[in-house]
Structure formats: C-alpha cells, structure tokens
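Below is one structure, written out as structure tokens, with a few remarks after it.
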Amino acid sequence: MAEELAERLGRRLGMREGDAEQQQQQQDAEPTPVPPGSPAVRAVGSEGSPGGGRRLFSPAAEFREFSRRQLRDMERLFRQYDAGKDGFIDLMELKLMMEKLGAPQTHLGLKNMIKEVDEDLDSKLSFREFLLIFRKAAAGELQEDSGLHALARLSEIDVSTEGVKGAKSFFEAKAQAVTEGSRFEEEIRAEQEEKRRQAEEMKQRKAAFKELQSAFAQ
C-alpha cells in the first residue's frame, strides 16, 4: 500500500515539473514587455515618426539621373561653401556662394531660394536639398529669374555625361549664361567709358574756367 502511494505521488510530482517546464518555455518564447518611456521605446518611436531618427541617405541611389562623377562635383561644390563644416549651407553661406558665383541675392531672395527646396523646414540646405536644386534645374522646374536657376547655371557642374536627363537644358542654360555674362561685361565697359568721358569733360571745363579767370585778372 505504501509503495502504491509513493508511486502515485511520484507521478503527480513529475506531471507538475513537466507543467512548470512547459510554462517556462512559453514565457521564454513571449517577448518581454518594455515599460513605457524606456530608451528602446523612444528609439523605435523616433525612427517611425515623420522627421524622427536619422535615415541613411545614398545620393547615388536616390539621384540616379546623375553620374557618380557629377555627384562628386556637386558634393565638392557643397563642401566648398559649407564654411561651418556642419553638413549644411545656411543663409549666410548661401549669400557668400551667390556672391562668388556672380549672382548676389537680396536677403529675401536668399530666403526664397532655401524655401523652394527646404523639405525639412530648418531654413538651411542639406546636401540632399542641394542636389534637389540640380534635379529641378535638369527637369526645367525652376523659374529663369530665380536664384536657384542662377545657382544651377553658374556652377561649373559638368552634366555632359551621356544619358543624364535634362542635359540639354543645362547646355542651353550655360550658353545663355555665357551670353548674359558677355552682355554684362559690355555694359560695365560702356559704363566705365562713360565715366572716363565725363571726367575728361569736367577736366576740360575746369581748365577753360581757369584760363578765363586768368584773362580777366590781366
């Protein structure tokens, strides 16, 4: 009798241990709940929300209409005017850039230039937004009298690579830039010549006036 009782107790104990092991396995398989506000939750939330987290940007993958050489040239131009070396071109850096390119802009004009491609509304140009300028120029989406159009046509980015969309637009823009540059130089020369002529006339009038004074003095 005692042996039978011991056997029953042993079977029950084995069943309980098996149940406990099964429950433990189920708990191990379930994800551990994360308390609200933990770093893990904040990281996932920031990546999933618009504007949150940092998304890896690949110019070659997103701007396939440009060759790698063109992208390197654009990056070189961007870095040249990123004086703060922070990965952005702000209002003052853009002002300097446009002055160096020979197309200075007003304060309002500079703000409008940034606004036209400022997708994240931070009032400065990231490299991706900088590339958008050349995409819009190639697609003919920029107004000819806009600052961005002037930036695209006055920069020395070579877009002659075969297969680049909008290359014709760039060639036409560059030809127009040469024509306008020549006209601008002619206007400056004409203005300088007019100033020299006026100065010479003023000099002659002063000389004649002095001669007249001397004649009356005698």
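The values are calculated or read from the model by the stated rules, or taken from the named source; none is laboratory data. Since the model is a prediction, treat every value here as computed from it, not as a measurement. Glycine gets a Cβ as well: all are built from the backbone with ideal geometry, and neighbour counts include every protein chain shown. The area values use the complete protein model at the heavy-atom level, side chains included, leaving out ligands, DNA and RNA. Shrake-Rupley method; radii C 1.70, N 1.55, O 1.52, S 1.80 Å.
Before moving on, here are some points about what is shown:
- The listed residues Arg197, Arg153, once ranked by accessible area (1.4 Å probe) with the largest placed first, stand as Arg197, Arg153.
- What the range 59-155 shows is 54 Å² of accessible area per residue, with the surface traced by a 1.4 Å probe over protein heavy atoms.
- Where His149, His107 fall by accessible area, highest first, once all protein chains stay in place (1.4 Å): His107, His149
- Listed peptides 58-66, 111-119 by packing density, highest first (mean Cβ within 10 Å): 111-119, 58-66
- Pairs from Lys100/Lys195; Lys100/Lys124; Lys95/Lys124 whose Cα-Cα separation, in the structure shown, is over 22 Å: Lys100/Lys195
- Computed from backbone phi, the HN-Hα couplings of the range 79-96 come to 5, 4, 9, 7, 4, x, 6, 10, x, 9, 10, 8, 4, 5, 5, 5, 4, 4 Hz, rounded to whole numbers (Karplus: 6.51 cos²θ - 1.76 cosθ + 1.60, θ = phi - 60°; Gly and Pro given as x).
- Share of carbon and sulfur in the accessible heavy-atom surface of the range 84-153 [1.4 Å probe, %]: 51 percent
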